[in-house]
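Since the structure comes first, as structure tokens, the remarks are kept for the end.
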Amino acid sequence: MTGEPVHKPLRDVLDGQRQAVPPLWLMRQAGRYLPEYMAIRNTVSGFLDLCFTPKLAAEVTLQPIRRFGFDGAILFSDILVIPQALGRQVRFAAGEGPLLEPLDDPSAMANLRDALDHDVLAPVYETIGLVKAALSPGVTFLGFCGAPWTVATYMIAGRGTPDQAPARLFAYRHPDAFSRLIDVLAEASIQYLVRQLQAGVDAVQIFDTWAGVLPPLEFERWCVAPMQRIVAGVRQAVPDAKIIGFPRGAGSNLGRYVEKIPVNAVGLDWMIDFDVARAIQKRRPVQGNLDPLVLRAGGAALDRGVDAVLENFAEGPFVFNLGHGILPDTPISHVEQMIRRVRG
Ligand code: CP3
């Protein structure tokens with residue numbers, strides 16, 4: 001062993017250092033488009049069994065790294081393990097997505113457990129140890145959680161919804177009860193991310209998948225304020241913690257997000273205007289933002305899409321990614337084509 005520091009290109013971007021060839025990973029890179037994932041998925045009955053069985057979760061975390069040589073490995077888990085560890089019932093029914101016991105009664109909020117049950121999450125921390133031991137040193141290991149607003153949309157409705165109307169209505173009608181839920185989730189997120197960092201991830205990403213449905217005042221209250229609290233809370237325990245924020249669909253609220261939340265990098269979706277995106281990149285490293293459907297489509301459209309993203313972000317610190325998760329019916333050959341194009 002030499003004492004030389006390990007070069008991790010993705011982590012270096014989070015430190016503000018532009019890389020000549022942008023590091024690359026994909027949101028939802030472990031999943032149903034991979035036959036080796038399906039082979040393991042079919043050995044367990046429920047999706048959460050996969051998340052909570054360290055050997056299997058570690059294996060599916062590593063699969064896309066072995067196949068594609070991505071610069072980042074993201075822990076295999078789900079944002080809904082937090083409600084589970086807060087004592088809510090969570091299950092994934094085949095073809096239906098997540099099902100939780102809905103939390104639609106404001107008086108129930110007072111009884112919500114406010115401490116995470118770390119026994120429920122112990123397998124996740126164990127998975128991190130297994131992955132860490134197997135990853136090559138140049139690969140950046142990412143942990144994650146859902147942002148309070150996004151997790152709350154599932155907890156209130158008890159399922160995924162097209163427009164997050166149940167949580168939006170609840171927040172307008174019962175702001176105090178909703179505020180209590182957001183507080184509980186912010187505190188839980190701090191504890192969970194700190195544990196992940198202590199267990200060995202190099203950085204964490206906070207997924208705010210439904211940030212885009214919030215008007216500016218609600219964006220401040222349910223997205224910006226809890227994110228400020230989470231970033232401060234995590235860095236109080238882990239001062240140098242690297243944090244990526246992904247406020248999907250935030251659009252004209254993005255400026256506010258970057259100005260007020262000291263995340264190390266901002267994940268951008270594919271809908272954002274090129275000039276706006278570059279203006280964000282002048283202030284903070286960015287990650288994104290290829291349309292997942294152009295990756296699904298392949299061919300000349302994919303080459304054009306990749307080139308446009310590369311050109312747009314060539315001047316500053318940048319991590320190549322999709323603008324949201326990879327779609328389950330994406331051909332593997334398209335992922336290979338994209339990687340060749342990015343790496344030249
Ligand atoms: O990125 C990765 O590869 C790591 C694993 C990961 C999963 N979910 C695995 C998963 C991550 C980072 C997530 C985050 C997540 N989960 C988000 C935020 C990002 C996003 O995609 O919007 C959200 C909203 C969830 C909640 C969730 N989990 C939903 C709505 C669903 C059902 C829809 C679907 O895609 O099936 C899940 C299930 C889920 N999470 C699967 C995987 C691989 C598919 C379940 C299966 O394999 O049976």
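The values are calculated or read from the model by the stated rules, or taken from the named source; none is laboratory data. Here the structure is a predicted model, which is why all the values come from computation and not from measurement. A quick note on method: Cβ atoms are made from the backbone with ideal geometry, for glycine too, and the neighbour counts reach across all protein chains shown. Heads up: the accessible areas ignore ligands, DNA and RNA and are worked out on the full protein's heavy atoms, side chains in. Shrake-Rupley method; radii C 1.70, N 1.55, O 1.52, S 1.80 Å.
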- Solvent-accessible area per residue for the chain at a 1.4 Å probe radius, Å²? 41
- Spatially close lysines, pair count over the chain: Cα under 24 Å, gap of eight or more or interchain: 8
- Query: So what are the ³J(HN,Hα) numbers for segment 88-95, from phi and the Karplus equation (6.51, -1.76, 1.60; θ = phi - 60°), rounded to whole Hz, Gly and Pro as x?
  - Reply: 8, 7, 10, 9, 10, 8, 3, x
- Task: Give the long-range amide H neighbours of Leu290: residues separated by 5 or more places, or on another chain, with amide H under 5 Å away, using H modelled in the peptide plane at 1.01 Å from N.
- Result: Asn321, Leu322, Gly323
- Task: Enter the accessible area of Phe320 (Å², nearest 10), with the probe set to 1.4 Å and all protein chains included.
- Result: 0
- Message: Please report the antiparallel percentage of the DSSP beta bridges confined to the chain, to the nearest 5.
- Response: 20
- List, largest first, the extents of the alpha carbons of the chain along their principal axes, each in whole Å. 57, 45, 44
- Taking the square root of 5λ for each eigenvalue of the C-alpha gyration tensor of segment 94-209, the equivalent ellipsoid has semi-axes, largest first and in whole angstrom, of 30, 15, 13
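Of all DSSP beta bridges located in segment 197-344, what percent are antiparallel, nearest 5?
Values: 0 of 14 bridges.
Taking every DSSP beta bridge with both residues in segment 197-344, the antiparallel ones total about 0 percent.
If packing is taken as the average number of other Cβ atoms within 10 Å across a peptide's residues, how do 212-218, 77-83 rank, most packed first? Numbers along the way, then the final one.
On the way: 212-218: 14.3, 77-83: 22.1.
Ranking, from highest mean packing down: 77-83, 212-218.
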- Item | the chain: calculated mean residue ellipticity at 222 nm from DSSP helix runs of at least 4, using -39500 (n - 2.57) | -14000 deg cm²/dmol
- Task: Report, largest value first, the span of the C-alpha coordinates of segment 227-344 along each principal axis, in whole Å.
- Result: 46, 28, 25
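Could you give the size of the charge dipole of the chain about its Cα centre, using +1 on the Cβ of each K and R and -1 on the Cβ of each D and E, expressed in debye and rounded to the nearest 20?
Working: 34 positive and 36 negative charges, 78 e Å.
The calculated dipole for the chain is roughly 380 debye.
May I ask you to give the percent of accessible area on segment 18-87 that is carbon plus sulfur, with a probe radius of 1.4 Å? Don't skip to the end; give the middle numbers.
Numbers: 1250 of 2500 Å².
Carbon-and-sulfur percentage of accessible area, whole number: 50.
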- Note, segment 336-344: 3J(HN,Hα) by Karplus (6.51, -1.76, 1.60, θ = phi - 60°), whole Hz, Gly/Pro = x, goes 5, 4, 4, 5, 4, 5, 5, 8, x
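Can you tell me, using C-alpha contacts under 8 Å and at least 6 residues apart, the relative contact order of the chain as a whole percent? All intermediate terms of the calculation are to be shown ahead of the outcome.
Working: 619 pairs, mean separation 68.7, N = 344.
It comes to 20 percent, rounded to a whole number.
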- When the Karplus curve 6.51 cos²θ - 1.76 cosθ + 1.60 is applied with θ = phi - 60°, which whole-Hz ³J(HN,Hα) does each residue of segment 20-26 get, with x for Gly and Pro? 4, 9, x, x, 9, 8, 10
- Which percent of the accessible heavy-atom area of segment 221-328 goes to carbon and sulfur, probe 1.4 angstrom? 53
